[in-house]
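Engineer: Have a look at the structure that comes next, please.
The values are calculated or read from the model by the stated rules, or taken from the named source; none is laboratory data. Not measured: the values here are computed from a predicted model. Here the Cβ is made from the backbone with ideal geometry for all residues, glycine too, and neighbour counts use every protein chain on show. To get the accessible areas, we keep the full protein, side chains included, count just its heavy atoms, and leave off ligands, DNA and RNA. Shrake-Rupley method; radii C 1.70, N 1.55, O 1.52, S 1.80 Å.
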Amino acid sequence: MRIISGRFRRRTLQANPGNTTRPITDRAKVILFDNIERFFKGQRVLDIFCGTGSLGLEALSRGAETCVFIEQDHRAFELLKANIAHVGATEIAVPWRVSALKSSLKPKGTPWYPYGLVFFDPPYVMLKDVRPGEPLYRMFLRLARPDITTEDVLVVLRGPEGAEYTLPDCWQIERKMKVGSMELALIRKAYATPLPENQTDDDSGVENEEPGC
């Protein structure tokens, strides 16, 4: 696993062995970032269920301003910190070991939000829990709040082809990209300006559950 392009290009990254995390392939990263790169340069990034940090670090390499990484697994988190140090991103990256389901999404002492780009890459089995009444659905409501994400934020959701989930009404899927058996959904707030056509094929507690949309 490596950084594909940008200032950290060709730096190798450590991946968690086994099935705890699912590192994204180089081919999938090329397709994804070729489609979104012009949109996110200079943005503050949030990488949820980040594993060892491949997506967030690729974004930083290609011009994102800062990135907050959320990962709960102990082994993956230790490798994440090592990867951040290895590429030299410690000044612009915050690794945060916390449950995404319980997190406020705003790490204490790091005002790197509202975010303009969010990677959401949970274990595939969890996607079925993105539905009303479930913690992941409430997380998407928090994510929509203006103090957490910008009006034109882009959320990239990674899942298996044909995955079924129900987003709150304030979010809409603008585009899906299929890479092998994987599907990348580009999600925007319902009132956001549509994306241009693609160029290639705080504290760790949950804040008040006020709706984000």
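Engineer: Please indicate, with yes or no, whether at least one residue in region 54-62 is at pLDDT 95 or above, farther than 20 Å from S99 by Cβ, open to solvent by 20 Å² or more (accessible area, probe 1.4 Å) and assigned to a helix (DSSP H, G or I).
Structural biologist: Within region 54-62 (the criterion being at pLDDT 95 or above, farther than 20 Å from S99 by Cβ, open to solvent by 20 Å² or more (accessible area, probe 1.4 Å) and assigned to a helix (DSSP H, G or I)), the answer is no, since none of the residues qualifies.
Engineer: Please work out if F33 is at negative phi, surrounded by fewer than 24 Cβ atoms within 10 Å (Cβ to Cβ) and out of contact with any strand residue (DSSP E or B) (no Cβ under 8 Å at 6 or more places or on another chain).
Structural biologist: Details: at negative phi: yes; surrounded by fewer than 24 Cβ atoms within 10 Å (Cβ to Cβ): yes; out of contact with any strand residue (DSSP E or B) (no Cβ under 8 Å at 6 or more places or on another chain): yes.
The answer is yes for F33.
Engineer: Do you know which residues across region 148-175 are assigned to a loop (DSSP other than H, G, I, E, B) and within 15 Å of the chain's Cα centre (by Cα)?
Structural biologist: Within region 148-175, the subset assigned to a loop (DSSP other than H, G, I, E, B) is 148, 161-170.
I148 - this is the single residue of region 148-175 that is assigned to a loop (DSSP other than H, G, I, E, B) and within 15 Å of the chain's Cα centre (by Cα).
Engineer: Among (1) surrounded by 19 or more Cβ atoms within 10 Å (Cβ to Cβ); (2) small (G, A, S); (3) in a helix (DSSP H, G or I), there is one condition A82 misses while meeting the rest; what is its number?
Structural biologist: Every condition holds for A82 apart from (1).
Engineer: Then there is this: Identify, from the list R10, R27, the residue that is among the basic types (K, R), outside any loop (DSSP other than H, G, I, E, B) and surrounded by fewer than 20 Cβ atoms within 10 Å (Cβ to Cβ).
Structural biologist: Details: R10 fails: outside any loop (DSSP other than H, G, I, E, B).
Of the residues listed, the single one that is among the basic types (K, R), outside any loop (DSSP other than H, G, I, E, B) and surrounded by fewer than 20 Cβ atoms within 10 Å (Cβ to Cβ) is R27.
Engineer: Collect the residues in region 174-195 that are within 26 Å of W112 (Cβ to Cβ) and open to solvent by 40 Å² or more (accessible area, probe 1.4 Å), keeping them in residue-number order.
Structural biologist: Matches in region 174-195: E174, A190, Y191, T193.
Engineer: Related question: Taking the condition closer than 19 Å to E183 by Cβ and either open to solvent by 70 Å² or more (accessible area, probe 1.4 Å) or within 13 Å of the chain's Cα centre (by Cα) (or both), does F69 pass?
Structural biologist: Here the answer is no, as F69 does not meet what is asked.
Residue-wise test of (1) open to solvent by 50 Å² or more (accessible area, probe 1.4 Å); (2) in a loop (DSSP other than H, G, I, E, B); (3) over 21 Å from I24 (Cβ atoms).
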position: T90; (1), (2), (3): yes, yes, yes
position: P95; (1), (2), (3): no, no, no
position: G109; (1), (2), (3): yes, yes, yes
position: V125; (1), (2), (3): yes, no, no
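Engineer: For R44, state whether it is within 23 Å of L143 (Cβ to Cβ) and open to solvent by 20 Å² or more (accessible area, probe 1.4 Å). Don't jump to the end; show me each part of the working.
Structural biologist: On the way: within 23 Å of L143 (Cβ to Cβ): yes; open to solvent by 20 Å² or more (accessible area, probe 1.4 Å): yes.
Yes.
Engineer: Here's something else I'd like to know. Return the total of residues in region 111-123 being open to solvent by 40 Å² or more (accessible area, probe 1.4 Å) and modelled with pLDDT under 95.
Structural biologist: Of region 111-123, the ones open to solvent by 40 Å² or more (accessible area, probe 1.4 Å) are 111-114, 123.
Cutting the leftovers down to modelled with pLDDT under 95 gives us 111-113, 123.
Total satisfying the criteria: 4.
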